[in-house]
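S.K.: Here it is, the structure, as structure tokens.
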Amino acid sequence: MRPRQYDPDLTPPWKKVTPVPEVPAEPGLVVEEATTDFCGAVIRCEAGTVTLEDRFGKHRVFPLAPRGFLLEGKVVTLVRPVVTAQRPTRTASGSVAVPGARARVARAGRIYVEGRHDAELVEKVWGDDLRIEGVVVEYLEGIDDLPSIVADFAPGPDARLGVLVDHLVPGSKESRIAAEVTDEHVLIVGHPYIDIWQAVKPSSLGIPAWPEVPRGQDWKTGACRALGWPENTGAAWRHVLSKVYSYKDLQPELLGAVERLIDHVTVGQVTDA
């Protein structure tokens, strides 16, 4: 006689739990919570919980418990949807993204900006483009000594220099200093704002406008005071920069100026990858 085979699972048939489908909790999916009869559409699914909105606009949060929901009258287990990462098709500056591109060897040419905040803003929006083109951005801590800085750099056809200047408007101190530099391999462009902060659109920061700061006051401190921000300019700048996601958050005067500088430094030059 053959030995009788036994199922290793000794749970009585009437106590066994029948498997139920697992359903991704995609936004808009309408389900009913099994224990409360609350029925609503999924509006958010986070680690371990799902938020439902009923037809009256009421929200409730439920755990993603096994067999915890009804979908079209049938018991299901809601699970967190799988998020597929998508490669960006555009850089922050609006250029076509080049996935996997390596930074090029740095060119001899450079772009100079006035201060650290200018450099950080340019890096955040144009950083990907600059690395692909091999362009280095350096900051000067002001342009009072710009003519001597340009002379020390010794620009030439293969070492072009671009300079971004704040408050480059007719009659300003900055415009007078810039006029002293006449080298054909140097391009000096600027924007009309007293400080680079103002090149960030007020709408991106949720403010109606940048305030007018009386002459003689430190502009950054005065702006913080007028906006009701703590007078910590370092923290204020980090807040401003955090609201910049792409070129869309910047004023066109800055966009055009930086694009001209990149074109000037890279024109007619080939760099090994």
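S.K.: Of everything in the stretch 169-186, what is over 20 Å from V258 (Cα atoms) and surrounded by fewer than 13 Cβ atoms within 10 Å (Cβ to Cβ)? Give them in sequence order.
M.R.: G171, K173, R176, E180
S.K.: Now, a different point. Return the pairs, sorted by first residue and then second, in which the second residue is among the aromatic types (F, W, Y) and modelled with pLDDT under 95, the first residue lies in the stretch 245-266 and is within 15 Å of V186 (Cβ to Cβ) and open to solvent by 40 Å² or more (accessible area, probe 1.4 Å), the beta carbons are less than 9 Å apart, and the residues are 6+ apart or on different chains.
M.R.: As it stands, the answer is none, since no pair meets every condition given.
S.K.: For residues in the stretch 115-128 being touching a residue at least 40 places away in the same chain (Cβ under 8 Å) and open to solvent by 20 Å² or more (accessible area, probe 1.4 Å), which is farthest from I188 (Cα to Cα)?
M.R.: So, considering only residues that are touching a residue at least 40 places away in the same chain (Cβ under 8 Å) and open to solvent by 20 Å² or more (accessible area, probe 1.4 Å), the one farthest from I188 (Cα to Cα) is K124.
S.K.: Go through D166, D158 for me and flag whichever is crowded, with 19+ Cβ neighbours inside 10 Å, within 24 Å of V135 (Cα to Cα) and charged (D, E, K, R).
M.R.: Selected residue: D166, the only one of D166, D158 that is crowded, with 19+ Cβ neighbours inside 10 Å, within 24 Å of V135 (Cα to Cα) and charged (D, E, K, R).
S.K.: Inside the stretch 87-116, can you point out the residues that are outside any loop (DSSP other than H, G, I, E, B) and either at pLDDT below 90 or more than 20 Å from R260 (Cβ to Cβ) (or both)?
M.R.: Answer for the stretch 87-116, where residues must be outside any loop (DSSP other than H, G, I, E, B) and either at pLDDT below 90 or more than 20 Å from R260 (Cβ to Cβ) (or both): R90, V96, R116.
S.K.: Only one of (1) in contact with a strand residue (DSSP E or B) (Cβ under 7 Å, 6 or more places away or on another chain); (2) more than 22 Å from P170 (Cα to Cα) is not met by T266, so which one is it?
M.R.: Answer for T266: the failing condition is (1).
S.K.: Then there is this: Is it true that A65 is at pLDDT 70 or above, open to solvent by less than 90 Å² (accessible area, probe 1.4 Å), of a type outside the set (V, I, T) and assigned to a loop (DSSP other than H, G, I, E, B)?
M.R.: Yes, satisfied.
S.K.: Just need a number here: residues in the stretch 189-203 that are aliphatic (A, V, I, L, M) and over 13 Å from V122 (Cβ atoms).
M.R.: Qualifying residue count for the region: 1.
The values are calculated or read from the model by the stated rules, or taken from the named source; none is laboratory data. Note that the structure is predicted; figures quoted are calculated from it, not measured. Cβ atoms come from the backbone with ideal geometry, glycine included; neighbour counts cover every protein chain shown. The accessibility values were calculated without ligands, DNA or RNA, using every heavy atom of the protein model including side chains. Shrake-Rupley method; radii C 1.70, N 1.55, O 1.52, S 1.80 Å.
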